[in-house]
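Visitor: Pasting a structure here, questions to come.
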Amino acid sequence: MKSIRKIVALALGILSFAPAAFAQEAPPAAPVQPSETKPFGDWTVRCYPVKSPSPCDMFELLANKQTQQRVLSVSIAYVPARDAHVIQIAVPLGVSIPRGLLLASDSYTSPVLKYRRCDRGGCYVEMLMQNDAVTALAGAGTSAKVKVFAVSGKEFDIPFSLNGFSDAHGAMQDLARKKVGTADATPPAAPAPAAPPATPPATPAPDNTTTPTP
């Protein structure tokens with residue numbers, strides 16, 4: 001069995017390459033925008049124009065109808081080389097950091113998921129997600145929820161949709177495998193042949209619901 005240290009190291013290594021999971025990073029750098037998106041029910045599969053072990057994710061966003069501020073977002077990325085998933089769950093500020101959050105459906109309840117970081121936009125769970133947990137959500141009903149705990153001690157359930165989850169997951173895996181496979185299969189450029197003595201060298205080609213109140 002892998003040690004906790006190895007699991008944490010693997011999670012951090014994968015997270016550093018998960019494009020969507022870090023789309024909420026603060027300025028100065030603007031988030032990389034997806035080059036390809038496909039809707040599946042209430043989920044969207046997004047692929048990014050970056051060389052990454054996890055070039056695609058599946059994403060759902062819930063926003064306050066009046067303010068359009070984010071209430072919840074869930075991003076799940078797939079790493080083909082490791083047959084592993086990474087999840088990011090973003091929730092509003094004001095949550096109890098030590099208590100973490102829970103992810104639950106009619107057939108699955110997660111252990112306590114700990115927050116990895118917070119910024120001015122909210123707090124984030126970012127970690128490896130077991131494949132059997134993804135399978136359980138794919139086979140669940142039409143909805144799930146995230147249970148958060150406010151600093152005041154109150155509990156809030158934030159429901160989100162599973163409509164399209166299974167199809168989005170299958171499409172994301174297929175696209176991620178293709179993109180990673182294509183990148184790996186691209187041969188290095190052949191060196192340019194030496195120019196004849198009397199001929200000068202050629203010029204090289206120029207190489208982003210109602211908010212619970214804690």
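Visitor: So which of 24, 69 ends up being modelled with pLDDT under 90 and closer than 29 Å to residue 154 by Cβ?
Guide: 24
Visitor: Does the stretch 100-107 contain at least one residue that is more than 16 Å from residue 148 (Cα to Cα) and modelled with pLDDT of 95 or more?
Guide: no
Visitor: Considering only residues that are touching an Asp or Glu at 6+ places or on another chain (Cβ under 6 Å) and either open to solvent by less than 50 Å² (accessible area, probe 1.4 Å) or among the hydroxyl-bearing types (Ser, Thr, Tyr) (or both), which ones fall in the stretch 161-180?
Guide: 161, 164
Visitor: Right, residue 45: under 27 Å from residue 177 (Cβ atoms), modelled with pLDDT of 95 or more and not acidic (Asp, Glu) or not?
Guide: Yes, satisfied.
Visitor: Mind checking which residues of the stretch 110-121 are surrounded by 13 or more Cβ atoms within 10 Å (Cβ to Cβ) and either more than 24 Å from residue 79 (Cβ to Cβ) or touching a Ser or Thr at 6+ places or on another chain (Cβ under 6 Å) (or both)?
Guide: Result: 118, 121.
Visitor: What pairs come out if I take residues in the stretch 109-129 that are among the hydroxyl-bearing types (Ser, Thr, Tyr) and pair them with residues that are open to solvent by 20 Å² or more (accessible area, probe 1.4 Å) and assigned to a loop (DSSP other than H, G, I, E, B) whose C-beta lies under 8 Å away, six or more apart or interchain?
Guide: 115/97; 124/24; 124/115; 124/116
Visitor: Please work out which one of (1) in a loop (DSSP other than H, G, I, E, B); (2) loosely packed, with under 14 Cβ neighbours inside 10 Å is the condition residue 132 fails and give its number.
Guide: Answer for residue 132: the failing condition is (1).
The values are calculated or read from the model by the stated rules, or taken from the named source; none is laboratory data. Values in this document were obtained by computation on a predicted structure and should not be read as measured data. Cβ coordinates were reconstructed from backbone atoms using ideal geometry, including for glycine residues, and neighbour counts include every protein chain displayed. Each accessible area value is taken on the protein alone, full model and side chains, heavy atoms only, with ligands, DNA and RNA left out. Shrake-Rupley method; radii C 1.70, N 1.55, O 1.52, S 1.80 Å.
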